[in-house]
Amino acid sequence: MQVTPLEAVNALIAEKYFVAADNLAGSVAANARSYLWLPDYVQVYRLIEEGPTEQAEPLARNLYQRFPDNVDVRQALINALWAVKKYHRAMYYVDINDSLVSDPAVKQQYRRLKAEYENIYKPYGISLSMGAEPSTNINNGTAAKTVEVDGIRFLLDEDAQEHEGVNLSAELNGYYIHRLAEDIDLVAKGAIGFTKRLENADENILSLILAPELQWALERARWGLGPVLQYQEVGGESYIKRYGMGAFLLKNLKKNSSFLVRGQALRQDYTELDYRDGWRSNLDMRFKWRLGDSLSLSLLPGLELDRTQRRYLDYRAITLGGQIGRRFDALQGVYIELGASQRWQRYADEHPVFGKVRQDNRTVASLTFSHKRFKLFGVHPSII
């Protein structure tokens, strides 16, 4: 059976006879213009195998720009990207080539690459979290028992005073990633949450969130933006709608550390409390360090601004939190995360009844458990 020049070159590359492959590729290219790409093709694989590996990608990209319709050139680019661990970019070209190649060995390679990739970066997924939140001020009420108006002191309604209690909560999150280009993804995200207030069923909260994003991959970073839609019911009745835009930037700082900043600007419309209509903006950050294979540490600062139709309801809130997480391989994948946060919320003006500027402080501690082998309706739940 007659062997094509490409098959002969690939056989030499497979045996790592790069000098012989280079000589053959040069001879073939000198006599057939259809194989002008072959010498650089050999050099890409030589760099992948012998190094410097990082030089294989720019050479493969240059070759692909000159021969964008060549399946074998695209295959060389896939291997060059995979060699420098740019898996997400490589998978874009795998998806293109997969429908064009017929070689069973290449098909098998693509199946293996997809399995390896999806084992690390799943293109879709759902997560479930459940928790119980004991609180010394479950209703966000005031510590005051009375209020003075024009020198006369009145007893506050008990519903306005702070009460202890417990909230039970559950939240289901889901996402789906659709690749649009090598460095662009469309990500569909959504969440549904329910909070059960044991002391007052009329204050049960149902929340729905939709937040699709366009995301761009950068060198050691990723950023995205998109619309945000939020809807909330309290006690089975429509309570508030929020809508606006959100954006984020994720940057890998060093080998074991990263920085995430996410911001939103949302219009908020209350169903009945028109005087609270306005805007909410927030900026949340996360600094994360991986301390070995199983331990991580995170610092979580945040800022929130709320603007309404009443200045005494406008506020600025600053949050500072931290988390430490540990995976216990000896316990077959148990993950435990301990977190704590402090929120300082300051209002813009005196309350017309109390005659004071409201100041709220909120301290939260959390303990989260999850196990990679425990599934509920096909998802891995976490217990908070």
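A few remarks follow.
- Under 5 Å between amide hydrogens, built in the peptide plane, is the criterion, and for N204 it picks out R197, G235 among residues at least 5 positions away or on other chains.
- Going from the residue with the fewest nearby Cβ atoms within 10 Å to the one with the most, K16, K288, K189 rank K16, K189, K288.
- Local electrostatic count, L210, Cβ distance below 13 Å [Lys/Arg +1, Asp/Glu -1]: +2
- Extension gain, L186 back to L291 (0.36 nm per residue minus Cα-Cα distance, nm): 34.6 nm
- Local electrostatic count at H351 - Lys and Arg +1, Asp and Glu -1, tallied over other residues with Cβ under 10 Å: +1
- Gained length - R179 relative to K254, 0.36 nm times residue gap less alpha-carbon distance: 24.4 nm
- Spatially close lysines, pair count over segment 171-315: Cα under 26 Å, gap of eight or more or interchain: 7
- Seen from V73, the other residues with C-beta closer than 12 Å to its C-beta sum to a net charge of 0, counting Lys and Arg as +1 and Asp and Glu as -1.
- Linear extension gain, N62 paired with S281, 0.36 nm per residue minus alpha-carbon span: 74.4 nm
Coordinate-derived values only; no laboratory data. Keep in mind that this is a model prediction, so the values were computed, not measured. Here the Cβ is made from the backbone with ideal geometry for all residues, glycine too, and neighbour counts use every protein chain on show.
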